[in-house]
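S.K.: Have a look at the structure that comes next, please.
The values are calculated or read from the model by the stated rules, or taken from the named source; none is laboratory data. All values reported here derive from a predicted model rather than from experimental measurement. Quick reminder, even Gly has a Cβ in these numbers, built from the backbone with ideal geometry, and neighbours come from all protein chains shown.
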Amino acid sequence: MRCSFPAEPAGLTSLRGANPVSKDENMNLLAQITRYKYLISVLLAAVLAGCLLFCSAFATPRDTAAESAPVGSLATAGAEPIQPIPQSIELDSQKVALGKRLFHDPLLSHDNTISCSSCHDLSKGGTDARVHSIGINHAEGGINAPTVLNSGLNYKQFWNGRAATLEDQVEGPTQHPKEMGSTWPEILEKLRGNADYAAAFKASYADGVQRENVKNAIATYERSLITPNSPFDRYLRGEASAISEEAKRGYQTFKAYGCSSCHQGVNIGGNMFQKMGVMADYFTSRGNTTEADWGRYNVTKQERDRYMFRVPTLRNIARTGPYFHDGSACSLDAAVAVMAQYQLGRPIDTDKVHGIVAFLNTLNGEYDGGRP
């Protein structure tokens, strides 16, 4: 299968009178409140700037002209919807090393052919660069593999958010018949029969090879996969020359068009759910709707969650195509055009698309000091 897709406003849907509000809705509500606070802060900043400009016309000239603070400086950081990734995080290095070994070992699959890294290849932006991943017995999955990079910054895992933690996420691929197709008894038997693994687990966990310890080791490694120091993060920290003028214009368009209402925070996404096709019917236009397209509905069975997906991170987005849960957009230009039409309901010209893409290309970070 190849990517082929061509190139009501989001609101506080949790406020439904007396209807009970779920934990997921509360998380969405908090994320949306955050974005509205950002918009309000921008408006207030604009009003303040206007007042200052008006007052400056009558002020006494100063000998030294004031320099405008770059985006990301202490003077402007509070107004930005995106925050830089921390340079490092504290994790148990021994568990990280064990988790890394497990992540790359096909031993965890039923036929010893598929590892976690088969679908989440760090050299491909933490994905497999396919529309759908290929599992054991050459079985094709039904959804695009999201990146594992910075996955520890997501508030839920999988496109439909069915896993609350990275530990929970390990349960899915290891046992899915179209992915690794194994079982926990089988996995534990293999690991306990391997002297090196038995010793490594004993060194990190008092009770050795156990289901929860396997999950924790892999999850700990995945949490280590942060990609700081992108050109845009350096720009946010005050390095004005870190990105091009076109990328700066693209970032302003990204905010002005409303892209940052969903793509914000440290991970530039991953912290809320949103409907695919807010302003127009994406799935009717694309055709051939599948069960995977139902999104969060597959988890909650609530009609309001049909076509709802966890907003993906935009970190390293230039390396993680094809795009969307269905892998239908082959390029960033196509993805931006689709988002403008179906999520924002706004026409967008080629120059603005190119500007936003230039900005998106500045989001490629580093892993262990180099490119993933």
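S.K.: Criterion first (closer than 16 Å to Thr220 by Cβ and modelled with pLDDT of 95 or more) does Ser118 satisfy it?
M.R.: no
S.K.: Would the range 215-223 turn up any residue that is surrounded by 21 or more Cβ atoms within 10 Å (Cβ to Cβ) and among the hydroxyl-bearing types (Ser, Thr, Tyr)?
M.R.: yes
S.K.: Please tell me if Leu108 is in contact with a helix residue (DSSP H, G or I) (Cβ under 6 Å, 6 or more places away or on another chain) and of a type in the set (A, V, I, L, M, F, W, C).
M.R.: Yes, satisfied.
S.K.: Just one of (1) at pLDDT 90 or above; (2) closer than 27 Å to Ala256 by Cα; (3) loosely packed, with under 12 Cβ neighbours inside 10 Å trips up Glu80, so point out which.
M.R.: Tallying (1) at pLDDT 90 or above; (2) closer than 27 Å to Ala256 by Cα; (3) loosely packed, with under 12 Cβ neighbours inside 10 Å, Glu80 fails exactly one: (3).
S.K.: What helices (runs of 4 or more DSSP H), lying completely within the range 128-213, carry at least 2 residues that are among the small types (Gly, Ala, Ser), surrounded by fewer than 16 Cβ atoms within 10 Å (Cβ to Cβ) and at negative phi?
M.R.: The helices (runs of 4 or more DSSP H) meeting that bar are 195-204.
S.K.: Would you call Met339 more than 27 Å from Ala242 (Cα to Cα), crowded, with 20+ Cβ neighbours inside 10 Å and not acidic (Asp, Glu)?
M.R.: no
S.K.: Further question on the same structure: Which number in (1) within 30 Å of Ala358 (Cβ to Cβ); (2) in the same structural domain as Ser115 (by TED's automatic domain parsing) marks the one condition that Tyr205 misses?
M.R.: That leaves (1) as the condition not met.
S.K.: Another question, then. Name the pairs whose Cβ atoms lie under 8 Å apart, with the first residue in the range 245-274 and under 14 Å from Ile82 (Cβ atoms), the second in a loop (DSSP other than H, G, I, E, B) and of a type in the set (Phe, Trp, Tyr), and 6 or more positions between them or separate chains?
M.R.: Filtered contacts from the range 245-274: Gly270/Tyr155; Asn271/Tyr155.
S.K.: Quick check on my filter: what residues within the range 265-304 are polar (S, T, N, Q) and either in a loop (DSSP other than H, G, I, E, B) or modelled with pLDDT under 95 (or both)?
M.R.: Asn267, Asn271, Asn288, Thr289, Thr290, Gln302
S.K.: Let me ask something additional. Pairs, please: C-beta under 6 Å, at least 6 apart or cross-chain, first residue over 13 Å from Leu360 (Cα atoms) and in the range 303-326, second in a loop (DSSP other than H, G, I, E, B) and of a type in the set (A, V, I, L, M)?
M.R.: So the pair list comes out as Tyr307/Met276; Phe309/Met276; Val311/Met272; Pro322/Val131; His325/Ile143.
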